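The values are calculated or read from the model by the stated rules, or taken from the named source; none is laboratory data. Here the structure is a predicted model, which is why all the values come from computation and not from measurement. FYI the Cβ positions are ideal-geometry reconstructions off the backbone, even for glycines, and counts take in every protein chain you see.
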Amino acid sequence: MYKYISTRNANLKLPARQAILTGVSTDGGLFVLPNLDDQPFPLDYLMEQSYFDIAFQVLKRLLPDFSDIELATSIHQAYDHKFDNPQIAPVKKVDDFHVLELFHGPTHAFKDFGLQLLPQLMQMSLDRQHRVIILAATSGDTGSAALAGFKGQPQMNITVFYPEHGVSSVQKQQMLTIYGPNTHAIAIRGNFDDAQHEVKQILNNQQSANTSYTLSSANSINIGRLAPQVVYYFAAYQQLVANGTIQMNDSVIFTVPTGNFGDVLAGYYAKKLGLPIQKLVVACNANHVLADFFNTGIYDRNRPFFKTVAPSMDIQIASNLERLLYYISDGDTAMVKDLMDQLATTGRYQINTDLLSKLQTEFTCGFSDDTQIKSAIKEVYEKYNYLMDPHTASGYRMVRQVQKENPDIPVVLLSTASPYKFGATVTDALIGEHRDNAQSTNNLLQSLTNIKMPQNLMTLWDQPIQPMHPIDKDAMSAVVQKIMQEDIAHD
Ligand SMILES: *Cc1c(COP(=O)(O)O)cnc(C)c1O
């Protein structure tokens, strides 16, 4: 049986189920499956497969201890009738590049892919008596997608922490309107990194304290969230073959707007499973700690933090990079541990030149500041009548750059959210102004562009919202204790 291990200690082993239930390893490392390339995806059959079939083949490889029935049931429950496009992840042609639209799920950002499936996988892994308390730090989209995915799930209780001033109006409205007896959305005075750090602390400290409870994470550090994201890289490739853009086995390039390094890491997993990806392009915003890392080999988070127009990428500690360091060093857990210790104590580490050149053959990295993001939105809309959200737009400059360097290889830009989740920025980009409130701005944007707003974003403003009282990050742990006690009381 394949086992997951910690990125920091190969002796800490768990089956996939357990890795999904606990989220992070007890030593602070992330769970990885060694020998990812042992069982390549059967590309020969790709053309006959539905999104469902592709998901099944990918998950079978990444989560080997789930039975076929368990996987099939989970995938159906996660994706049937939940997405507003029959292809689930459609590829659109825009000028001479391609956009993979990942915003057709219930909350209109790509987080839905992982967060619709994660609760199903957890359900399959739980004993009848057991309860799970899920925690997530969010820069916006994880929060709404996690609440939507876990709401009403038996034996589960979900709490999301978001930075008080770090999310868009639509994101906040979504989080405060999706609620039920098992959901909590809590604002903290701090930024995403503060929230994520504290959530990791809480998970590490309390993991084994209570046996009838598991505390777990819904962040992309959970392998049950990452694995579903590998699927749409294959689905995109299939569409490019089907529409004649490429022949089977031709190479493609994916450009991925990046924050916590989850989405682009899923692309790297797809490559390890045999998808012909020539390069993965990591696109950042003005918080470009990753771009500097891929260019110099030095990861240094000691720098000013910017609030940008692409808030879901306002991150300085890209957690999933740790998994890449594991794979790129051929599983050198001692090195990963050493680097992560340095990051925790000094906020900085440097990799050796060997590793750096390995990274640079697989990845290219660059960034766009707010001005470049807005002008990308305007240019692509005016020239090609295609509307991008600011995160997607952060990748546009990189698309044009890699096209120049690789004129014969098709480039796919991952579109990570609907433009209507960030209506104010998009409208600003187009006409230099927006309305006072998010609802009328979205209506204006729709009448300006004639591009349809998703139905459930239209009705978002008619729904009652929960009261919101921001707390200090130091209070997060106590809040989690209280939620656990209430959960026991109501159980
Ligand atoms: C989360 C998110 C990102 C960043 O994805 P990572 O997996 O954290 O790199 C980019 N765009 C949007 C809209 C997001 O919600």
| Does at least one position in the stretch 215-225 carry a residue that is in a helix (DSSP H, G or I) and more than 14 Å from the ligand (Cβ to nearest atom)? | yes
| field | All positions within the stretch 315-334 that are crowded, with 19+ Cβ neighbours inside 10 Å and either over 15 Å from Y299 (Cβ atoms) or free of Cβ contacts under 8 Å to residues at least 24 places away in the same chain (or both) | value | Y327, T333
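Among the candidates S220, S208, S212, single out the residue that is crowded, with 24+ Cβ neighbours inside 10 Å and modelled with pLDDT under 90.
S220 is the lone residue from the list that is crowded, with 24+ Cβ neighbours inside 10 Å and modelled with pLDDT under 90.
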| Residue list for the stretch 163-189, filter: closer than 16 Å to I315 by Cβ, surrounded by 22 or more Cβ atoms within 10 Å (Cβ to Cβ) and modelled with pLDDT under 95 | P163, G166, V167, S168, Q171
| Failed condition for I133, given (1) among the aliphatic types (A, V, I, L, M); (2) assigned to a loop (DSSP other than H, G, I, E, B); (3) farther than 24 Å from G259 by Cα, with all others met? | (2)
| request: Check the stretch 47-66 and report whether any residue there is touching a strand residue (DSSP E or B) at 6+ places or on another chain (Cβ under 7 Å) and surrounded by 16 or more Cβ atoms within 10 Å (Cβ to Cβ). | output: no
| said: Every residue in the stretch 415-437 that is within 16 Å of the ligand (Cβ to nearest atom) and either closer than 19 Å to T107 by Cα or among the acidic types (D, E) (or both), please. | reply: S415, T416, A417, S418, P419, Y420, K421, F422, G423, A424, T425, V426
| field | Residue satisfying all of: in the stretch 276-314; in contact (Cβ under 8 Å) with a residue 60 or more places away in the chain and aromatic (F, W, Y); farthest from the ligand (Cβ to nearest atom) among these | value | F305
| Looking only at strands (runs of 3 or more DSSP E) that fall completely inside the stretch 1-105, which ones have 1 or more residues that are within 28 Å of L240 (Cα to Cα)? | 91-94, 97-101
| task | Spot the failing condition for G259; the list is (1) assigned to a loop (DSSP other than H, G, I, E, B); (2) surrounded by fewer than 24 Cβ atoms within 10 Å (Cβ to Cβ); (3) not aliphatic (A, V, I, L, M), and only one is missed. | result | (2)
| said: I need every pair where a residue in the stretch 235-263 that is more than 15 Å from T392 (Cα to Cα) and hydrophobic (A, V, I, L, M, F, W, C) has its Cβ under 6 Å from the Cβ of a residue that is away from the ligand (no atom under 16 Å from the Cβ) and in a helix (DSSP H, G or I), sequence separation at least 6 or different chains. | reply: A235/Y51; A235/I54; I246/L240; M248/V241; I253/V402
| message | What pairs come out if I take residues in the stretch 10-27 that are of a type in the set (S, T, Y) and pair them with residues that are in a strand (DSSP E or B) and modelled with pLDDT under 90 whose C-beta lies under 7 Å away, six or more apart or interchain? | response | T22/T214; T22/S216
| Can you list the helices (runs of 4 or more DSSP H) found entirely within the stretch 395-461 that contain at least 3 residues being surrounded by 15 or more Cβ atoms within 10 Å (Cβ to Cβ) and not aliphatic (A, V, I, L, M)? | 396-405, 423-431, 438-449
